[in-house]
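Input: a single structure, listed below in structure tokens.
The values are calculated or read from the model by the stated rules, or taken from the named source; none is laboratory data. Model, not experiment: these values are computed from the prediction. Cβ: placed from backbone, ideal geometry, glycine included. Neighbour counts: every protein chain shown.
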Amino acid sequence: MPTAPNSLRRLDAARIRRDFPILDRQAHPGVPLVYLDSTATSQKPLVVIEAMDRYHRVSNANIHRGIHVLAEEATSLYEAAREKTARFISAPSARQVIFTRNTTESINLVAYSWGRANLQSGDVIILTEMEHHSNLVPWQILAAERNIRLEFIPVTSEGLLDLQVYRDLLKLEPKLVGFTHMSNVLGTITPAAEIIRLAHQAGAVTLVDGAQSVPHFPVDVKELDIDFLAFSSHKMCGPTGIGVLYGRKSLLEAMPPFMGGGDMIKTVHLRSFVPNEIPYKFEAGTPAIAEAVGMGAAVDYLVTTGMELIAHHEYEIVAYALERLEEIPGVRIFGPTAEHRGGIVSFTLSGIHPHDISQILDAEGIAIRAGHHCAQPLHEKFKIPATARASFYLYNTMEEVDHLANSLYKVLKVFGN
Ligand code: C6P
């Protein structure tokens, strides 16, 4: 958990901001940009942009194929990115890090490969009510195909998971427990260690959606004893088009390939093939090489900055944002106290549609997201169609929170509230 206050070292957000060229631009003529939408995608530091540029200028080639200097350079850059990513999540081996397109593809890989090899009619999968669609729909598709039962850990009115109900659900002897490590709407940081420990006691495999956790606080797959972890580069200062599936070695080795094609095979005959070893078994075709290089640079950047410092910075920002937003008449804030949440605040203003809030804030230069944030069932649970969501990262400042709060008063004025 990223919440232990540490007064000794602080992240210098003003200095950090200089690393992100886009933060210098104006949203509209004369209106500085205030980017509060990092949950959708983060901004990219210059080191990431330059690493990808350098790769294209100097080393561009296909990987694992050619025996020439460019192919060798490209291959070693790609594999170095895998090594860095493995160290970043404390994976026992880089072979357990599979490059995919994003979190969504990583979860689909598990559902299609592990799910179809291991689940049968009548089996139970436990998910939670706060899942992003990408950790719901792949399981719904599988459930319909195989007559599998889906059960859900409820979300309490404070935006936490109801672990008592979870304990009862485990009596159904689920085959899989899949849950988000941090809600992209409520900001709730879920008690992953406890959920996984109980799942393993019940004999279930665990899948952690780390799309919002891995970018924001240290995640150690060994310490948490995670079986599968999915996350996306674009939310952690890296480029779009590349993501990760980490898996326990024994599970990955036993799983059939997800897609067939080049690179994922050892040998091919007209009527048969022998699959390659992990991770290549799951990386069919030419992968996102430049993007892997960019992701490697993003990992270096986050490690150098310090994940503990980033987490603590976001804790302070979100605690302050909660304080400022709670003062606003008619505001309803969703999710738990700062102690249980990452840098996300979703809210509504009485009688004003979140899209209108977002549009007025945009005129003030503030980028937030409005809608159901691909978590429609969670919004149904709270009986609302949409929320406005401000989200924070290492480059955000207290002044930006003030600007958000002051601009929300302007929104109230526009609507005569
Ligand atoms: N949430 C948001 O604005 P992809 O699109 O595959 O990189 O990530 C999917 C995903 C999975 N799980 C969680 C918890 C997420 O937050 C996301 C992406 C973005 O909230 C885009 S919808």
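So here's what we get for this one:
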{"item": "Filtered residues of segment 201-256 (kept if touching a helix residue (DSSP H, G or I) at 6+ places or on another chain (Cβ under 8 Å), over 18 Å from M295 (Cβ atoms) and among the polar types (S, T, N, Q))", "result": "Q201, T206"}
{"item": "Any hit, segment 50-67, residues being under 26 Å from the mean Cα position of the chain (by Cα), surrounded by fewer than 16 Cβ atoms within 10 Å (Cβ to Cβ) and assigned to a helix (DSSP H, G or I)", "result": "yes"}
{"item": "Every residue from segment 110-156 that is assigned to a loop (DSSP other than H, G, I, E, B), more than 15 Å from the ligand (Cβ to nearest atom) and either crowded, with 18+ Cβ neighbours inside 10 Å or β-branched (V, I, T) (or both)", "result": "L119, D123, I148, T156"}
{"item": "Residue in segment 71-83 that is touching a residue at least 24 places away in the same chain (Cβ under 8 Å), within 16 Å of the ligand (Cβ to nearest atom) and either assigned by TED's automatic domain parsing to the domain that holds S213 or not hydrophobic (A, V, I, L, M, F, W, C) (or both) present", "result": "no"}
{"item": "Considering residues of segment 171-187 that are touching a strand residue (DSSP E or B) at 6+ places or on another chain (Cβ under 6 Å) and either part of a helix (DSSP H, G or I) or of a type in the set (S, T, N, Q) (or both) only, the residue surrounded by the fewest Cβ atoms within 10 Å (Cβ to Cβ)", "result": "L172"}
{"item": "Matching residues, segment 355-374, being away from the ligand (no atom under 13 Å from the Cβ) and part of a helix (DSSP H, G or I)", "result": "H355, D356, I357, Q359, I360, L361, D362, A363"}
{"item": "Residues (part of a loop (DSSP other than H, G, I, E, B) and touching a residue at least 60 places away in the same chain (Cβ under 8 Å)) located in segment 20-34", "result": "F20, L33"}
{"item": "Whichever residue in segment 375-396 is within 12 Å of the ligand (Cβ to nearest atom) and more than 30 Å from T305 (Cα to Cα) and, among such residues, is surrounded by the most Cβ atoms within 10 Å (Cβ to Cβ)", "result": "T387"}
{"item": "Count of segment 93-108 residues which are within 15 Å of F282 (Cα to Cα) and either more than 21 Å from the chain's Cα centre (by Cα) or more than 12 Å from the ligand (Cβ to nearest atom) (or both)", "result": "6"}
{"item": "S90, sole failed condition from (1) in a helix (DSSP H, G or I); (2) surrounded by fewer than 22 Cβ atoms within 10 Å (Cβ to Cβ); (3) away from the ligand (no atom under 16 Å from the Cβ)", "result": "(1)"}
{"item": "Matching residues in segment 180-217 - criterion: being of a type in the set (A, V, I, L, M, F, W, C) and within 24 Å of L322 (Cβ to Cβ)", "result": "M182, V185, L186, I189, A192, A211, V214, F217"}
{"item": "Identity of the residue in segment 325-353, among the charged types (D, E, K, R) and surrounded by fewer than 18 Cβ atoms within 10 Å (Cβ to Cβ), that ends up nearest to S157 (Cα to Cα)", "result": "R332"}
